[in-house]
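To start, the structure under review is shown below, and the notes come after it.
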Amino acid sequence: MIAAVSFRPFRRASDARVLRPGAGRPPRVALLGLPIVLLLASPLFAFAPVPQQSPPDRASDSSDGKDGAQAAPAPPKTPEVENSGWRRERFAWKKGASKVELTGYFQEDLRFFDWDVVDPSSSRKQAKKHELRRFRLGSKAQLGKTLLEFQVEPRHLAPGVPHLKLLAGTYSFSKALSVRAGFFKLPGSREFSALTNNTDFVDRSMIATRIVPERDWGLTAAGVHGRFEYLAGAFMGDGYKGVRRAGPSGAARAAVNLPRGFQLSGSFLQGRVTADPVRGIVPPVAKGAFGQTATGFTFWSRPHVNGMRRTLSTSLSYTNGPFRFLGEYLEQREERVGQSAIGEDLPDVLGHGVSAQASYLLIGQRKGVVVEPRASLFQGGPGAVELVARVETLRFDDTGSASVPVSSGSRVANLAPEGALAIEAGVNYWASFFMKLQATAMWERYDDPKTAPVPGKRGAYFSVLARIQFMFQ
C-alpha cells in the first residue's frame, strides 16, 4: 500500500520526511524519558517467564487435614486439558484465533556530510545532523476475522503533520475478499507500503517519498486468488492535512506471483488537485511535487498545479533464501490548468524515477519482511547482519515542446529540467528482535550543476546516514 505526502516549499521540517517528525525543534527531556524507560525495560518484559500454575497434588493434600497416606483415595485422574486462556509471546497476547499486540518504534538518526551548501536558504539546505526521527506507539488486535489497527506519533509535530498514523479495521470474508476502512496508506510504491522499522535503508528511495501519496481516509477491497492479488479503493484525498492534497481519489493495485520467487505488480492512483485562489499580494502555496534527496537538499522546487493528478507504478521483486531484490518505477503527472501568470493552461509536470535495491542476509532469519536473530546478542548469540545496496534516480520536467525557451519560476511554460542520482551501500544489524542499528554510505550526483549544493559541482557528494532503533514486534 502507498500513501501521499504533504509538502511545502521546505520552509519547515514537515516539508521533508527526513526532517518532518522533529519539526526542527529539539525533543523535550520528558518526552525522551518515556521511550528510554520503556526500551530499557523491554528485555526484562520480553524474556520474563510466563508464570505456570501446577495442578494440586492430591496424594499429599486432603480436605480432612490428614496426611496423604491416611487420606481417602483420590478420584481417578482425568486427561489434562490444554490451558485455553491468554498466553503472552513477547509484546503480544494470544488466545485461540485472537491476538492483541503492542506496536511501535523509536528512531534516532545521525548524519555526516563531507560537503556544505554554499548558499543555504529556507528551501535548499541539508538535513539535521542529529534528530529524533520517529516515535510511534500503537496496537493491533486480530479477533477472528476482524483486524483492528491503531498507531500515533505522541509528540509535538509541525502544523499540517497529523499525529494519527493508522486507524483501520479490516474484515476478511474469505481469502479472496477482505474489506478495510479507516485511515491508512494508499496503494502505490511497494517500498513505501512497508513500515519504516522494517525498511532496508535509513531512508526510503526518492521516488517512494517524493512522488507517492501518503495516508488518508478511505475504503478498500482486496484479496488473493491463486497467484493473483488485487486491491481497489476510494479515498477522501491522497494526503490528509497535506498542503498538496488532492480531492477524492481512486486507487488500484494488482500483483502476480511468478515461479522461482518473482512477483510483478503495478498500481494506479488518480485524483483532482484544486489550486488555491490568488488573494491580494500574497501568492498561493504551490501544490506540485518537489525533488529532494535523503540528505535534505531540494533540487526541484514545487510548481503550481491545477487539475488531474495521476500516479503510476510498477515493481519487480525477487526472493531466494537470504537474497532479496526490489526494482520499482514510479511516475506522477500533474496538470497545470490556468496556471500561467495570465491564467493560461500550461504543459503538464512529469516526475519519474527508478529504484533498484538488493539485500543479503549474512546471519539471522527472515520472517516475511521482518529480520530477526536466531540468537540475540543479549543471550550470547551474534545477532543478525544484513548487507544492502541501492541505485536510484528522480527527475522532473514538463511535457511541453522543447522549442519554447527554458525559464525559471513555477508558472512558466518550459520548466528547467532537474534530477538527481544516488548510490548507496550499507549494513543493518539486529542485536535482538527489539533493537536495530543501521548505517548507509551515500554518493549523490545532480543533473544541473547550477542548482547543486555547490554551484558548478554536479557531484559526487558523500554522506553517511545512521540510525538507532528500538521497536515492539
### Task
For the range 209-265, just list the percent of Cα-Cα distances falling in each 5 Å bin from zero outward, please.
4, 17, 22, 17, 16, 12, 8, 4, 1
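Normalise the Cα radius of gyration of the range 155-272 by 2.2 N^0.38 Å (N = residues in it) and let me know the number. Intermediate results must be reported in sequence, preceding the final value.
Values: Rg = 15.0 Å, N = 118, 2.2 N^0.38 = 13.5 Å.
Here the answer is 1.12, to two decimals.
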## Note on the structure
Violations at 22 Å Cα threshold for listed pairs K128/K241; K95/K185; K241/K287; K94/K145 -> K128/K241; K95/K185
## Note on the structure
From the Cα centre of the range 420-473 to that of the range 248-311, the distance in Å is 23 Å
### Task
Figure the gain on full extension for M308 and A341 (residue separation times 0.36 nm, minus the Cα-Cα span) and round it to one decimal in nm.
9.9 nm
### Task
Once you have all Cα-Cα distances for the range 278-420, histogram them in 5 Å bins from zero and send the whole-percent values.
2, 8, 14, 15, 12, 10, 9, 8, 6, 6, 5, 3, 1, 0, 0
### Task
Report relative contact order for the range 322-473 in percent, whole number only (criteria: Cα-Cα under 8 Å, sequence separation at least 6).
18 percent
### Task
Under 16 Å Cα to Cα from K457, which aspartates and glutamates show up? Leave out anything in the same chain fewer than 8 places away.
D114, D116, D119, E418, E444, D447, D448
### Summary
Here the range 264-307 gives, from Cα atoms, an Rg and Dmax in Å of 14.6, 50
### Rh (Kirkwood; distinct C-alpha pairs) - the range 336-453, Å
17.9 Å
### Query
Give or take rounding to whole Å, what are the principal axis extents of the alpha carbon atoms in the range 221-355, in descending order?
61, 35, 26
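Throughout, read-outs are computed from the coordinates displayed, never taken from laboratory work. What you are looking at is a predicted structure, and each value in this text was computed from that prediction instead of being measured.
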